[in-house]
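Trainee: The structure's right below; bear with me while I get my questions together.
Every number here is computed from the coordinates shown, using simple stated rules; none is lab data. Worth saying up front: this structure is predicted, and the values here are computed from it rather than measured. Methodologically, a virtual Cβ is constructed for each residue, glycine included, from the backbone with ideal geometry; neighbour enumeration extends over all protein chains shown.
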Amino acid sequence: MVVAVYPGSFDPATYGHLDVIKRASDAFDRIVVGVLHNSAKSPLFSVEERVKILEKATQGIHNIIVKPFEGLSVNFARENGAQVIVRGLRAVTDFEYELQMAQTNRVLAPDIDTVFMTTSLEYAYLSSTIMKEVARFGGDLSRFAPPEITSEVRRKLSMLSESEK
Ligand code: ADP
């Protein structure tokens, strides 16, 4: 049984993330999506909200579980009995950082391999940051994430702008 973890910020998940999750869930026996709680970053959604959003968006996939985590991906992989860390590669700009991370993780945990999924072309430009940027200026989000996610983005941004008034 091959277990893979897919760690990331997912603030919030996009069609790009969901595409990687779907393909990884076909390739591996079990996928544990790890939602990173990083105190150095100030995300739009709390880690609990990001977990909930992902759980809802991946309801139809039977071999997936979504969990919050803190710290090193290799430790998260070990805790979940995973042999593989999945990451997505969109463009060459992702490559240098991802290669360095994968090599570092290999030094820390030689028994765990990083597997890269190249993004589907239609999502190659897409990131959580881009989606939030478009949302802030009222643009159409329907190409970026499913309705249950885009409605959460709009709700959160309007709550924040209300509290700034
Ligand atoms: P991180 O802060 O760890 O980069 P992200 O949520 O931005 O967290 O991304 C998590 C993983 O998903 C990374 O491996 C990233 O390359 C991948 N990813 C992000 N957007 C896409 C996309 N549009 N297509 C494929 N993979 C993606």
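Trainee: Using a 7 Å offset from the Cα along the Cα-to-Cβ direction at both residue 55 and residue 104, what is the distance between the two label points in nm, to one decimal?
Mentor: So the two model labels end up 3.0 nm from each other.
Trainee: With unit charges on the beta carbon (Lys/Arg positive, Asp/Glu negative), name the residue among 62, 14, 91 whose Cα is farthest towards the positive pole of the charge dipole of the chain.
Mentor: 14
Trainee: Explain nothing, just compute: Karplus ³J(HN,Hα) = 6.51 cos²θ - 1.76 cosθ + 1.60, θ = phi - 60°, for every residue of region 33-45 in order, whole Hz, x for Gly and Pro.
Mentor: Here the 3J(HN,Hα) series is 7, x, 9, 6, 9, 10, 5, 7, 9, 10, x, 5, 10 Hz.
Trainee: Remind me, relative contact order of region 3-164 in percent, using alpha carbon pairs under 8 angstrom and six or more residues apart?
Mentor: Values: 235 pairs, mean separation 47.5, N = 162.
Rounded, it is 29 percent for region 3-164.
Trainee: Same structure, new question: Stretched out fully, how many nm does the piece from residue 94 to residue 121 gain, at 0.36 nm a residue minus the Cα gap?
Mentor: Separation in residues times 0.36 nm, less the Cα-Cα distance, equals 8.3 nm.
Trainee: If you keep only loop residues by DSSP, which GluC sites (Glu not before Pro) in region 70-136 have at most 13 other Cβ atoms within 10 Å of their Cβ?
Mentor: Loop-located and lightly packed - 70.
Trainee: What's the long-distance tail for region 2-43, i.e. % of Cα pairs beyond 13 Å?
Mentor: Roughly 55 percent, once rounded to a whole number.
Trainee: What shape does region 1-95 take by its C-alpha gyration tensor, where a ≥ b ≥ c are the square roots of the eigenvalues and a/c under 1.5 counts as rounded, a/b above b/c as prolate, and the rest as oblate?
Mentor: Values: a/c = 1.26, a/b = 1.22, b/c = 1.03.
In terms of gyration-tensor shape, rounded.
Trainee: Report the residue, chosen from 37, 62, 17, that carries the largest GNM mean-square fluctuation when the chain is represented by alpha-carbon nodes joined by springs under 10 Å.
Mentor: Among 37, 62, 17, the largest GNM mean-square fluctuation belongs to 62.
Trainee: Using the basic label-point model (7 angstrom from Cα toward the beta carbon), what is the residue 136 to residue 29 distance in nanometres?
Mentor: Inter-label distance under the simple model: 4.5 nm.
Trainee: So what's the back-of-envelope 222 nm ellipticity for the chain, counting only DSSP H runs of four-plus at -39500 (n - 2.57) apiece and dividing by all residues, rounded to 500? All intermediate terms of the calculation are to be shown ahead of the outcome.
Mentor: Details: 6 runs with 75 residues, N = 165.
It comes out at -14500 deg cm²/dmol, rounded to the nearest 500.
Trainee: Also, quick follow-up: Can you check how the C-alpha radius of gyration of the chain compares to 2.2 N^0.38 Å, as a plain ratio?
Mentor: Details: Rg = 15.9 Å, N = 165, 2.2 N^0.38 = 15.3 Å.
That works out to 1.04 for the chain.
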